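Report on the following structure.
The values are calculated or read from the model by the stated rules, or taken from the named source; none is laboratory data. All figures in this text were calculated on a predicted structure; none of them were measured in a lab. Every residue, glycine among them, receives a Cβ derived from its backbone with ideal geometry; neighbour counts consider all protein chains shown. Remember, those area values only see protein heavy atoms, side chains included, never the ligands or the DNA or RNA. Shrake-Rupley method; radii C 1.70, N 1.55, O 1.52, S 1.80 Å.
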Amino acid sequence: MSESTSQVIQPRVLLEGLAIGESPRWHDGRLWFSNWGTGEIIAVGLAGNSEVAGREPDGSRVRHADLSDISPLGWSELTVDGRGNVYVNTINFDFADFNDVLTSGKAPGKIALATADGEAREVADELAFPNGMVVTPDNRTLIVAESFAGRLTAFDIDDEGSLSNRRTWADGIAPDGICLDADGCIWASTAHDANDCARVREGGDVLERIQLDRSCFASMLGGPDRRTLFMLAADWRGPENVDDVVAARTGQVLVADAPAPGVGWP
């Protein structure tokens, strides 16, 4: 990762008092995201007006696909591409073993594909804590954050939705939730203790950096022209202290003007 020519962008706080914001999506004029640890889905507009748009579980969800044969453990991030294919990943270990897996060098994570008709199959494995994913506008490339490996990993997508030609897209960073812009760059955090969100191009060069005072868990490009960068940040005190983090309500949504609009999925 190179940052010799990176520029610094100043953010502003749009919303605060959250637990841990995750999985942001721009939809219908608002940013929607999971307020992790509270069971809430929150929607916020550009003026900062927010509401709890949904709670989980509320009895209204319907199963689309059964992934238990691929992994009996919890599933995490998902991205729906332009063809209706759903890519969903799992860290594939018990979260209580977070530190043990981190220090072991193991990579048990997987990506599954769930098609529009509900069929599911495994399409990638041996991932080191897979996290945010993006699909390019042509539906031909999927890029996933491997948080424990400190890299972004790319795959080709074929006509059937399968993944191949695995390769390192950028390394030397510590990505979580990510988003893609029209210049082919990805917004991601660069280190576990960096408290930043950076615009990274393929190969690892950092073009812009936004310095925060807490960890950035996810980013999304939205707004009317998709030129508003949303960053979901909160204090991180380690996996053993998640309940304390949720109770402390240090979560924020921050915004900044982006140099290029968002593209692809999500």
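Step by step: first the residues of segment 97-136, then only those that are in contact with a helix residue (DSSP H, G or I) (Cβ under 8 Å, 6 or more places away or on another chain) and more than 19 Å from Arg167 (Cα to Cα), then the one that is surrounded by the fewest Cβ atoms within 10 Å (Cβ to Cβ). Which residue is that?
Asn99
Can you tell me which residues in segment 137-162 are open to solvent by 30 Å² or more (accessible area, probe 1.4 Å) and in contact (Cβ under 8 Å) with a residue 24 or more places away in the chain?
Pro137, Phe148, Ala149, Arg151, Ser162
Any residue in segment 4-15 that is within 15 Å of Cys216 (Cβ to Cβ) sitting within a Cβ distance under 8 Å of a residue that is polar (S, T, N, Q) and modelled with pLDDT of 80 or more? List the pairs, counting only those 6 or more apart or interchain.
From residues that are within 15 Å of Cys216 (Cβ to Cβ), the pairs are Val8/Gln211; Val13/Gln252; Leu14/Gln252; Leu15/Ser50; Leu15/Gln252.
Residues being modelled with pLDDT of 95 or more and surrounded by fewer than 21 Cβ atoms within 10 Å (Cβ to Cβ): count how many of those fall in segment 215-234.
So the answer is 5.
Give just the number: which of (1) of a type in the set (Phe, Trp, Tyr); (2) in a loop (DSSP other than H, G, I, E, B); (3) closer than 22 Å to Val80 by Cβ does Phe230 not satisfy?
Failing condition for Phe230: (2).
Among (1) within 17 Å of the chain's Cα centre (by Cα); (2) within 17 Å of Arg12 (Cα to Cα), which single condition is Gln211 missing?
Only one criterion is unmet by Gln211, namely (1).
What residue, of Val242, Val253, Val246, Val206, is of a type outside the set (D, E, K, R) and surrounded by fewer than 18 Cβ atoms within 10 Å (Cβ to Cβ)?
On inspection, the qualifying residue turns out to be Val242.
Identify the single condition in (1) modelled with pLDDT of 95 or more; (2) open to solvent by less than 80 Å² (accessible area, probe 1.4 Å); (3) part of a loop (DSSP other than H, G, I, E, B) that Pro24 does not satisfy, given that it satisfies every other one.
(3)
Are there any pairs, at least 6 apart or on different chains, whose C-beta atoms fall under 6 Å, with the first in segment 175-188 and over 17 Å from Phe217 (Cβ atoms) and the second among the charged types (D, E, K, R), and if so, which?
Cys185/Arg199; Cys185/Arg201
Within segment 70-111, track down each residue that is in contact with a Lys or Arg (Cβ under 9 Å, 6 or more places away or on another chain) and over 28 Å from Gly238 (Cβ atoms).
Listed by number, the list holds a single entry, Ile70.
When segment 27-41 is examined, which residues are found to be of a type outside the set (Asp, Glu), without any contact (Cβ under 8 Å) to a residue 60 or more places away in the chain and open to solvent by less than 40 Å² (accessible area, probe 1.4 Å)?
Within segment 27-41, Ser34, Gly39 qualify.
For segment 93-162, please list each of the strands (runs of 3 or more DSSP E) lying entirely inside it that holds at least 1 residues being of a type in the set (Asp, Glu).
By residue number, 120-127, 141-146, 151-157.
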